[in-house]
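The values are calculated or read from the model by the stated rules, or taken from the named source; none is laboratory data. Note that the structure is a prediction, hence the values are computed from the model and not measured. Note: ideal-geometry Cβ built from the backbone for every residue, glycine included; neighbour counts use all protein chains shown.
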Amino acid sequence: MKKPLSLLVLALGLGNVAWASDYPIKDRPITLIVPFTAGGPTDRVARDLAEALRKPLGASSVVVENVGGAGGTIGAAKAAKANPDGHTLLLHHIGMATSPALYRKMPYDTMGDFEYLGMINDVPMTLVGRPTLPANNYKELLGWIDANKGKINLGNAGLGAASHLCGLMFQRDLKVDMTTVPYKGTAPAMNDLMGGQIDLMCDQTTNTTAQIEGKTIKAYAVTTGKRLTTPALKDLPTLQEVGMKGFEVTIWHGLYAPKGTPADVVKKVNTALRAALKDPEFITKQQGLGAVVVSDKRIEPAEHRKFVQAEINKWGPVIQAAGQYAD
Ligand code: ASP
């Protein structure tokens, strides 16, 4: 009797291997690891992408798994160690490139432990405050910071998070030390900001736009070189405009698979990613949150890899100069 191929694969101990022809395996979900909490900015990008990826990938479902903590390194480590069969993917942001400079002991090798599948989008950040802050614009915020030195709390999603990097640069440029309050993602930090338990936060527009619009938090500036066009954000000055020379932080997201994922599976996911990034519904949702979906070259795995290496080289010295690290 002829053995079915899957049995043969198991018998040969090749259970890890997947071929594009049978990928994704019928009725088996694809797990998309997000290394931050549910309901936050990275999670929002991931849930929209999961929906847009499902059809072109031919998957029964793409399920988001939130593995927050330690600035994204716990979730990324879990993805790095997963079975390299294309059924576990990772969506991560700029933290992929900032963590190596921040952690003395990294639980994975950023350039060596992943297959790079392509980039997704660029997301600006906003400097926001609790609704009860007396400052109503950036100038007034500076006055309030001056008057409250030593008493200010700044929320973030842990060392290596985008909010950490942005807050670090903000404190460095102002020459003010704030007490940082780390969370497993900026979704819970946003709750505390709205409730007045923390004073300030730097966070992606994918998490702040609706709150700014609803006036449940105060907004002071954007971190991009140019002002934004999203209606709720267009009146906010850039930090450069208000005197922070060279301040520019844009958060990018990319898609990864564990090292060893077969090349034809990588190709299949990349092809599906290209289709997802052209999906008008995905593009519209992202635009509404201030995000810009990438196109062309930046979706190529080789370009993605090159870009992450360039970002490691760019941010490493900035972080080291700020003397930040964790064991
Ligand atoms: N906004 C977080 C960060 O600062 C990530 C998240 O919570 O999704 O990196």
Name the residues in region 79-93 that are in a strand (DSSP E or B) and within 15 Å of the ligand (Cβ to nearest atom), would you?
Leu90, Leu91, His92
Any residue in region 219-240 that's under 18 Å from Leu142 (Cβ atoms) and at pLDDT 95 or above: show its pairings with residues that are of a type in the set (S, T, N, Q) and surrounded by fewer than 20 Cβ atoms within 10 Å (Cβ to Cβ) at Cβ separation under 6 Å, as long as the two are six or more apart or on different chains.
Val222/Thr238
Out of all the residues in region 308-316, is one or more without any contact (Cβ under 8 Å) to a residue 24 or more places away in the chain, more than 19 Å from the chain's Cα centre (by Cα) and assigned to a helix (DSSP H, G or I)?
no
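Of the residues Ala76, Ala38, Ala50, which single one is within 16 Å of the ligand (Cβ to nearest atom) and closer than 18 Å to Thr208 by Cβ? Steps first, answer last, please.
Working: Ala76 fails: closer than 18 Å to Thr208 by Cβ; Ala50 fails: closer than 18 Å to Thr208 by Cβ.
Result of the check over Ala76, Ala38, Ala50: Ala38.
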Restricting attention to region 143-153, does a residue exist that is modelled with pLDDT of 95 or more, among the acidic types (Asp, Glu) and buried (at least 16 other Cβ atoms within 10 Å of the Cβ)?
no
Just checking, does region 259-275 include any residue being surrounded by fewer than 24 Cβ atoms within 10 Å (Cβ to Cβ), assigned to a loop (DSSP other than H, G, I, E, B) and touching a helix residue (DSSP H, G or I) at 6+ places or on another chain (Cβ under 6 Å)?
no
Residue that is nearest to Lys234 (Cα to Cα), among those in region 276-307 that are in a loop (DSSP other than H, G, I, E, B) and in contact (Cβ under 8 Å) with a residue 60 or more places away in the chain
Gly290
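Among the listed residues Ile33, Ile25, identify the single one that is within 20 Å of Ala257 (Cα to Cα), modelled with pLDDT of 90 or more, of a type in the set (A, V, I, L, M, F, W, C) and touching a Gly at 6+ places or on another chain (Cβ under 7 Å).
Of the residues listed, the single one that is within 20 Å of Ala257 (Cα to Cα), modelled with pLDDT of 90 or more, of a type in the set (A, V, I, L, M, F, W, C) and touching a Gly at 6+ places or on another chain (Cβ under 7 Å) is Ile33.
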Residue under question is Ala18, and the condition is that it be small (Gly, Ala, Ser), touching a helix residue (DSSP H, G or I) at 6+ places or on another chain (Cβ under 9 Å), modelled with pLDDT of 95 or more and assigned to a loop (DSSP other than H, G, I, E, B); does it hold?
no
Of the residues Ile33, Ile25, only one is under 17 Å from the mean Cα position of the chain (by Cα), away from the ligand (no atom under 11 Å from the Cβ) and either hydrophobic (A, V, I, L, M, F, W, C) or closer than 20 Å to Asn121 by Cα (or both); which?
Ile33
